[in-house]
Amino acid sequence: MPERPARVDGGRSVDALDAGTQALFYRSGAQVSFDFLPDAAFENLLVVSTTALPSRIERAVDECGADPARVGVVPVTGSTVAYDGPLWVAKRTAPSDLTGVSIRLSEALRHVRPGRGWVVFDNVTTLFMYAQTDRVIRFLETVVEAVRERGGRGVYVALPGALAPESRERLEDIVDVALTE
């Protein structure tokens, strides 16, 4: 079993992540915001979104003063996605289709620059509503390893109150560090 990640509550932020580091980021509330990211993240950012459609992600990126044309989105939603804007957007995949999400993410990772790109999974908690814990954990292990191998900084947002203690512990076991807002 891998060594348990450091638990840092407010002492370190995601802007201190080194290339290839994967962080679980506990954030209260399901608001769509990227204000926790450093400016450098917006130079090459891929968002896997279970909480917002591309138009809302574009607004959140704009609110950070960043250029949406440098941001890609993998929409994970059961809703139809109709978007014509500056974000690069993959075909949508339902949250219950973890294989489909994995395929879309693998395709999108080609656009993440090794050592410089960022991947933000805006709410991994959502996946636990659509699949069994073991399946979600195996899926996220694969995602974390793929982002790490690409040299991307990975941030996996989770709502702490929405996860069972066992799920939290298992999530923390697959990342390098767990951070709390």
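Anything in region 29-62 that is at pLDDT below 95, farther than 19 Å from residue 153 by Cβ and over 15 Å from the mean Cα position of the chain (by Cα)? List them, or say none.
Matches in region 29-62: 29 only.
I'd like to check something: does region 38-52 contain any residue that is surrounded by fewer than 16 Cβ atoms within 10 Å (Cβ to Cβ), under 21 Å from residue 125 (Cβ atoms) and either out of contact with any Cys (no Cβ under 7 Å at 6 or more places or on another chain) or acidic (Asp, Glu) (or both)? I'd like the intermediate steps shown before the answer.
Taking region 38-52 and keeping what is surrounded by fewer than 16 Cβ atoms within 10 Å (Cβ to Cβ), we get 38-40, 43.
Filter once more, keeping what is under 21 Å from residue 125 (Cβ atoms): none.
Scanning region 38-52 turns up no residue that is surrounded by fewer than 16 Cβ atoms within 10 Å (Cβ to Cβ), under 21 Å from residue 125 (Cβ atoms) and either out of contact with any Cys (no Cβ under 7 Å at 6 or more places or on another chain) or acidic (Asp, Glu) (or both).
Give the residues of region 123-163 that are part of a helix (DSSP H, G or I), within 16 Å of the chain's Cα centre (by Cα) and aliphatic (A, V, I, L, M), sorted by residue number. First the steps, then the outcome.
Here is the first cut: in region 123-163, the ones part of a helix (DSSP H, G or I) are 124-129, 133-150, 160-162.
So of that shortlist, the ones also within 16 Å of the chain's Cα centre (by Cα) come out as 124-128, 136-150, 160.
Scanning region 123-163 gives 124, 127, 136, 137, 140, 143, 144, 146, 147.
Looking only at residues in region 76-122 that are assigned to a loop (DSSP other than H, G, I, E, B) and of a type in the set (D, E, K, R), which one is nearest to the chain's Cα centre (by Cα)?
Filtering region 76-122 down to residues assigned to a loop (DSSP other than H, G, I, E, B) leaves 77-87, 90-92, 94-97, 110-117, 122.
Within this subset, residues satisfying the condition of being of a type in the set (D, E, K, R) are 84, 91-92, 97, 110, 113, 116, 122.
Working: 84: 22, 91: 17, 92: 15, 97: 17, 110: 16, 113: 16, 116: 16, 122: 5 Å.
Taking the candidates together, the pick is 122.
Test residue 73 against the stated conditions and say whether it is part of a helix (DSSP H, G or I), surrounded by 17 or more Cβ atoms within 10 Å (Cβ to Cβ) and on the phi < 0 side of the Ramachandran plot. Even if it seems obvious, please write down each step before you answer.
Details: part of a helix (DSSP H, G or I): no; surrounded by 17 or more Cβ atoms within 10 Å (Cβ to Cβ): yes; on the phi < 0 side of the Ramachandran plot: yes.
Here the answer is no, as residue 73 does not meet what is asked.
The values are calculated or read from the model by the stated rules, or taken from the named source; none is laboratory data. Keep in mind it's a predicted model, so treat the numbers as computed, not measured. Note that we place each Cβ from the backbone using ideal geometry, even for glycine, and neighbour counts take in every protein chain shown.
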